[in-house]
1. Suppose we filter the range 131-147 for residues that are in a helix (DSSP H, G or I) and touching a strand residue (DSSP E or B) at 6+ places or on another chain (Cβ under 9 Å); how many remain?
2. Quick check on the range 6-16. Is at least one of its residues small (Gly, Ala, Ser), assigned to a helix (DSSP H, G or I) and open to solvent by 50 Å² or more (accessible area, probe 1.4 Å)?
3. Asp106 fails exactly one of the following numbered conditions: (1) of a type in the set (D, E, K, R); (2) crowded, with 16+ Cβ neighbours inside 10 Å; (3) free of Cβ contacts under 8 Å to residues at least 40 places away in the same chain; (4) not in a helix (DSSP H, G or I). What is the number of that condition?
4. Looking for something open to solvent by less than 60 Å² (accessible area, probe 1.4 Å), among the hydroxyl-bearing types (Ser, Thr, Tyr) and modelled with pLDDT of 90 or more - is there at least one such residue anywhere in the range 202-221?
5. Of the residues that sit in the range 222-250 and are closer than 22 Å to Val203 by Cβ and among the charged types (D, E, K, R), which one is least open to solvent (accessible area, probe 1.4 Å)?
6. Report whether or not Ser264 is at pLDDT below 90, open to solvent by 20 Å² or more (accessible area, probe 1.4 Å) and of a type in the set (Gly, Ala, Ser).
7. If I ask for residues that are surrounded by 24 or more Cβ atoms within 10 Å (Cβ to Cβ) and under 15 Å from the mean Cα position of the chain (by Cα), which ones from the range 60-94 would you list?
Amino acid sequence: MTIQSEPPYGRFYISVTQAMHGAERTKAELDFLLRQLELAPAASILDVGCNRGRHAIALAATGYRVTGVDTEPEALEVAEAAAAGAGVVVRFIQGDMAQLALADFDAALCIGTSIGFHETDEGDQEQLDAIFRALKPGGRFGLEATWLLGQRYGSGTRRTWERSGDTLVVDEGIFDPLTCRSHHITDYITPEGVHRREERYRVYAPTEMTHMLRAAGFVIDAVYGDYAGHPLALDSYAFIALCRKPGRAASFPPVQCTPSDTSSASDH
């Protein structure tokens, strides 16, 4: 059977994951983040790693002024068409956030593990630095990152199978404990053939991620393990940090510190 290589986050990926990352999931994620970040109506929001624009378009539909950034041109083509179909205005920019000079945003979101894809840790730090610079003083930032221990690699390799419609998704993740980098090979087996995509990314421990956020200049107000607001734990879905750029006085929710909240463990 012929194997066709696909871009990691291009049209084929989007077509088979739309059902898994649908409107209900998007609403739950945004409801949680917007409730915590307490943004004003019509606030300007930067969506970093926006892919097909599912968060950006939903935010624009509720009145926010949204800019989406992504490196994948196919994803942005899909996003632009979807925004037009929804009748909303979103500014989409193709590029690496670490290399862009954007400014004057009230908030930024980096949802769905859009951190860790640079070839070096320094590149990921530059991405966080650029997000910090893009915010107004007092601006909010919501970050979701892959949670290291939640990956459960065991011997170093993890294989999973799941079905999406008539497509069987077979994923093999190989984790290098020395570099904390993951290499995923995913085969989408369809009646027409096999589509394969590969991705490599860095998996950060919470202590590393909080250090990087603080090195960028952020104050971390809360850390969670999922979008239901549960504390970060060994089996958490993700590492979700709610941060702010110091500046003008702002009304923030109380800091949610838990035994697993590494943001209170050290001063970076």
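The values are calculated or read from the model by the stated rules, or taken from the named source; none is laboratory data. Just so we're clear, the structure is a prediction, and the values are computed from it rather than from any experiment. Please note: Cβ atoms are built from the backbone with ideal geometry, for glycine as well, and neighbour counts cover all protein chains shown. Ligands, DNA and RNA are excluded from the accessible area calculation, which covers all protein heavy atoms including side chains. Shrake-Rupley method; radii C 1.70, N 1.55, O 1.52, S 1.80 Å.
1. Just the residues of the range 131-147 that are in a helix (DSSP H, G or I), to begin with: 131-134.
Still in the list and also touching a strand residue (DSSP E or B) at 6+ places or on another chain (Cβ under 9 Å): 131-132, 134.
Summing the residues that are in a helix (DSSP H, G or I) and touching a strand residue (DSSP E or B) at 6+ places or on another chain (Cβ under 9 Å) in the range 131-147 gives 3.
2. First pass over the range 6-16, keeping only residues small (Gly, Ala, Ser): 10, 15.
Of the ones still in play, those that are also assigned to a helix (DSSP H, G or I) are 15.
Restricting the remaining residues to those that are open to solvent by 50 Å² or more (accessible area, probe 1.4 Å) gives 15.
Yes, the conditions are met somewhere in the range 6-16.
3. Going through (1) of a type in the set (D, E, K, R); (2) crowded, with 16+ Cβ neighbours inside 10 Å; (3) free of Cβ contacts under 8 Å to residues at least 40 places away in the same chain; (4) not in a helix (DSSP H, G or I) one by one, Asp106 breaks only (3).
4. Yes, because at least one residue in the range 202-221 is open to solvent by less than 60 Å² (accessible area, probe 1.4 Å), among the hydroxyl-bearing types (Ser, Thr, Tyr) and modelled with pLDDT of 90 or more.
5. Filtering first and then ranking leaves Asp226.
6. On the way: at pLDDT below 90: yes; open to solvent by 20 Å² or more (accessible area, probe 1.4 Å): yes; of a type in the set (Gly, Ala, Ser): yes.
Yes, satisfied.
7. Matches in the range 60-94: Gly68, Val69, Asp70, Ala75.
Residues checked against (1) closer than 16 Å to Ile14 by Cβ; (2) touching a strand residue (DSSP E or B) at 6+ places or on another chain (Cβ under 9 Å):
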{"residue": "Glu29", "(1), (2)": "no, yes"}
{"residue": "Leu37", "(1), (2)": "no, yes"}
{"residue": "Pro41", "(1), (2)": "no, no"}
{"residue": "Leu46", "(1), (2)": "no, yes"}
{"residue": "Gly49", "(1), (2)": "yes, yes"}
{"residue": "His55", "(1), (2)": "yes, yes"}
{"residue": "Ala60", "(1), (2)": "no, yes"}
{"residue": "Arg65", "(1), (2)": "no, yes"}
